[in-house]
Amino acid sequence: MSSVVRIERVAKTYRLGEQTVRALNDITLAIEPGVFLAISGPSGSGKTTLLNLIGCIDQPSSGDIYINEENVSRRSANQLADLRARSIGFIFQTFNLLPVLSAAENVEYPLLRRKDLAAAERKQRVDYFLDIVGLGKYARHRPNQLSGGQRQRVAIARALAIEPAIVLADEPTANLDQATGAEILRLMKEINEELGVTFIFATHDEKVIDHANRRIEIEDGAIRAFGVRRPDGDWQIIRAAANAAP
């Protein structure tokens, strides 16, 4: 099976004053389509850096990243922006909704850079995905008229509206209460199973990991273990002596 994401010998370094900080070190992994994957690890472990590289927000210092088997490691900023607009949805813990826009307008916003979509198709997508997340009747509400859970549902609809191959979520339940967070996780799991969209989370929340069927544990910029959910619900954990694809 081809991979939706493939990472080969990737490292990422940053300059911090006079020091060079190595955020990721020699990461190699492959992610198959349709998984519900949690990248877990303590703060500063490199999980958000890895998520940003997969999302083409950042580029590796060395190594190669493939999205749908196309190498994106050395594409221009405009090429990466176009890729994100077509293939990668984002869900943020702070929702990142534009306060002056309605729920429908927030969902439509990433579609506006798509010259291949007519206004009628944009509206069709907005209506469809707001219905999927249960907010069709709130389409004209602005973010300050919605609860935290409703705002996260708008963010999910916005991520899905581009019909992405991958949805990336960085601590998506961190700013939600326990009951609302559980409800949002169930919704994302249903969307994953019904639409076949690949979800990749950066998280240290065990509740998120409990919903996952794949798991990567990262520490000090290196993969320490891979996990695959067995049919009985338990994890099969593979400890990584060196980074490798599961």
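The values are calculated or read from the model by the stated rules, or taken from the named source; none is laboratory data. Nothing here was measured: the structure is a model prediction, and the numbers come from that model. Positions of Cβ are backbone-derived with ideal geometry, glycine not excepted, and every protein chain shown enters the neighbour counts.
Which one of ASN192, ASN175 is out of contact with any strand residue (DSSP E or B) (no Cβ under 8 Å at 6 or more places or on another chain) and either among the polar types (S, T, N, Q) or surrounded by 15 or more Cβ atoms within 10 Å (Cβ to Cβ) (or both)?
Just a single option satisfies the conditions, and that option is ASN175.
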If I filter the stretch 77-84 for residues that are at pLDDT 95 or above, of a type in the set (A, V, I, L, M, F, W, C) and under 19 Å from the mean Cα position of the chain (by Cα), do I get at least one hit? no
Working only within the stretch 177-200, note down all residues that are more than 16 Å from SER87 (Cβ to Cβ) and outside any helix (DSSP H, G or I). ASP177
Would a scan of the stretch 220-227 turn up a residue that is outside any loop (DSSP other than H, G, I, E, B), within 19 Å of the chain's Cα centre (by Cα), crowded, with 22+ Cβ neighbours inside 10 Å and aliphatic (A, V, I, L, M)? yes
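Okay, residues lined up against (1) modelled with pLDDT under 95; (2) surrounded by 18 or more Cβ atoms within 10 Å (Cβ to Cβ):
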site	(1), (2)
PHE129	no, yes
LEU135	no, yes
GLN145	no, no
ALA157	no, yes
VAL167	no, yes
GLU171	yes, yes
Criterion (over 16 Å from ALA222 (Cα atoms), part of a strand (DSSP E or B) and over 18 Å from the mean Cα position of the chain (by Cα)) met by exactly one of ARG9, ARG22, ARG15: ARG15
If we scan the stretch 54-70, do we find a residue that is touching a Gly at 6+ places or on another chain (Cβ under 7 Å), under 28 Å from THR173 (Cα atoms) and either basic (Lys, Arg) or not in a loop (DSSP other than H, G, I, E, B) (or both)? no
Can you name the residue in the stretch 133-152 that is outside any loop (DSSP other than H, G, I, E, B) and more than 21 Å from the chain's Cα centre (by Cα) and, of all such residues, is nearest to PRO172 (Cα to Cα)? PRO143
Members of the stretch 92-109 that are modelled with pLDDT of 95 or more and within 25 Å of PRO33 (Cβ to Cβ): VAL107
Checked THR28, THR48 against criteria (assigned to a strand (DSSP E or B), touching an Asp or Glu at 6+ places or on another chain (Cβ under 7 Å) and more than 18 Å from ARG158 (Cβ to Cβ)); the one match is THR28
Within the set of pairs 6+ apart or on separate chains, which have a first residue in the stretch 67-86 that is surrounded by 13 or more Cβ atoms within 10 Å (Cβ to Cβ), a second that is in a helix (DSSP H, G or I), and C-beta atoms under 6 Å apart? ALA85/ARG113
What pairs come out if I take residues in the stretch 144-165 that are in contact (Cβ under 8 Å) with a residue 60 or more places away in the chain and pair them with residues that are charged (D, E, K, R) and surrounded by fewer than 18 Cβ atoms within 10 Å (Cβ to Cβ) whose C-beta lies under 7 Å away, six or more apart or interchain? ILE162/ARG86
What residue, among those in the stretch 90-127 that are of a type in the set (S, T, N, Q) and within 21 Å of the chain's Cα centre (by Cα), is surrounded by the most Cβ atoms within 10 Å (Cβ to Cβ)? ASN106
Would you pick out the residues in the stretch 1-56 that are within 23 Å of GLN79 (Cβ to Cβ), among the basic types (Lys, Arg) and surrounded by 21 or more Cβ atoms within 10 Å (Cβ to Cβ)? LYS12
